[in-house]
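Notes follow the structure.
The values are calculated or read from the model by the stated rules, or taken from the named source; none is laboratory data. Keep in mind it's a predicted model, so treat the numbers as computed, not measured. Using ideal geometry, Cβ is built from the backbone for each residue, glycine included, and neighbour counts are taken over all protein chains shown.
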Amino acid sequence: AYADAAADADYAAADADAAAYAARKAFWLAIRDRLLAELAAAASITKPRSRPMTTDTQEPAAVPRDVFSRISVVVGDITAQPYVDVIVNAANESLLGGGGVDGAIHRAAGPKLLEACRVLGGCPTGSSRMTPAFCLNANLVAHAVGPMWQGGDKGEPALLAHAYRSAMRMAGLHAAGIVALPAISTGVYGYPVDLATKIAVREVIAALLEWTSMSVRLVCFDEKTAIVYQHELFSFFHEWGLAGGHVLDLPDCSAGGSK
Ligand code: APR
């Protein structure tokens, strides 16, 4: 009788989990359908209004669809991502660790990461440095230093763009396949998520145009950030007239990871 009760409890728990996951999946599907409906309704723009890229590569005639199939948005912990070649860290200029992503990466990588960072002697804001990933589930860590938000008129947008660009270039030069990216500067550094996401999406897409074997996983720690990323990616489609050209992967909510 005891075993039956325990089994019943397990089944009940599994049913509850399945129901919760189904509800989250329905939540995301509803958001995607709404965004697709908005795109379909507004897909009157037939050519790019302005080149949104911030790199010096020659102007692409149009962003090839395969670029969008190499971007995914997930909700979760960046240190728990499977099959990643390079994890990008949201570091500070000392490179000696901190909280947020930085703290999680140092905890998961182990003390050797701090030793390797010490040797580097720091990194200026808007740039990045590469180290091995040690005990992390990845090969390399690109420590990118984004700007602290000071109102937006102290060069923060350019510094954030350069931090992403530098980390992506480092990953490309190391022949990275899958790159896991956090929302740099949007935590402790206080950069407004919507403004930072515009920069992140344009820099990632510019990098994927340059590094054709690279894929990027935008790892958001909470669903709110993931929704902003999804929306920014969709409006980027809109700008390039690719509305409906490719439906992005749904974020995997089963990994949990809300703040
Ligand atoms: N996995 C994925 N994303 C995470 C994780 C994690 N484990 N932890 C936090 N985040 C998210 C935050 O919710 C935020 O959206 O990463 C984004 C960046 O937040 P921070 O890690 O605070 O980084 P940032 O805002 O760039 O500030 C950098 O904070 O941790 C210190 O040493 C770091 O001084 C540096 C500063």
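Looking at this structure, is residue 137 modelled with pLDDT under 95, farther than 25 Å from residue 231 by Cβ and within 14 Å of the ligand (Cβ to nearest atom)? Answer is yes for this residue. Mind checking whether some residue in the stretch 105-119 is crowded, with 21+ Cβ neighbours inside 10 Å and under 17 Å from the mean Cα position of the chain (by Cα)? Yes. Here the stretch 70-105 is the region considered, the condition is being out of contact with any strand residue (DSSP E or B) (no Cβ under 7 Å at 6 or more places or on another chain) and more than 7 Å from the ligand (Cβ to nearest atom), and the residue that is nearest to residue 145 (Cα to Cα) is 94.
Among helices (runs of 4 or more DSSP H) entirely within the stretch 73-177, having at least 1 residues that are of a type in the set (A, V, I, L, M), closer than 26 Å to residue 213 by Cα and free of Cβ contacts under 8 Å to residues at least 40 places away in the same chain singles out 100-109, 156-173.
Residue-by-condition table, conditions (1) over 18 Å from residue 100 (Cα atoms); (2) small (Gly, Ala, Ser); (3) in contact with an Asp or Glu (Cβ under 7 Å, 6 or more places away or on another chain):
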{"position": "156", "(1), (2), (3)": "yes, no, no"}
{"position": "159", "(1), (2), (3)": "yes, no, no"}
{"position": "171", "(1), (2), (3)": "yes, yes, no"}
{"position": "196", "(1), (2), (3)": "no, yes, no"}
{"position": "209", "(1), (2), (3)": "yes, no, no"}
{"position": "222", "(1), (2), (3)": "no, no, no"}
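Residue by residue, here is whether (1) charged (D, E, K, R); (2) within 16 Å of the ligand (Cβ to nearest atom); (3) surrounded by fewer than 24 Cβ atoms within 10 Å (Cβ to Cβ) holds:
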site: 178; (1), (2), (3): no, yes, yes
site: 181; (1), (2), (3): no, yes, no
site: 189; (1), (2), (3): no, yes, yes
site: 200; (1), (2), (3): no, yes, no
site: 212; (1), (2), (3): no, no, yes
site: 220; (1), (2), (3): no, yes, no
site: 223; (1), (2), (3): yes, yes, yes
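The sole residue among 217, 169 that is basic (Lys, Arg), within 13 Å of the chain's Cα centre (by Cα) and at pLDDT 95 or above is 217.
Here is a check on your reading of the model: is residue 216 among the aliphatic types (A, V, I, L, M), outside any helix (DSSP H, G or I) and either within 11 Å of the ligand (Cβ to nearest atom) or closer than 23 Å to residue 77 by Cα (or both)? Answer is yes for this residue.
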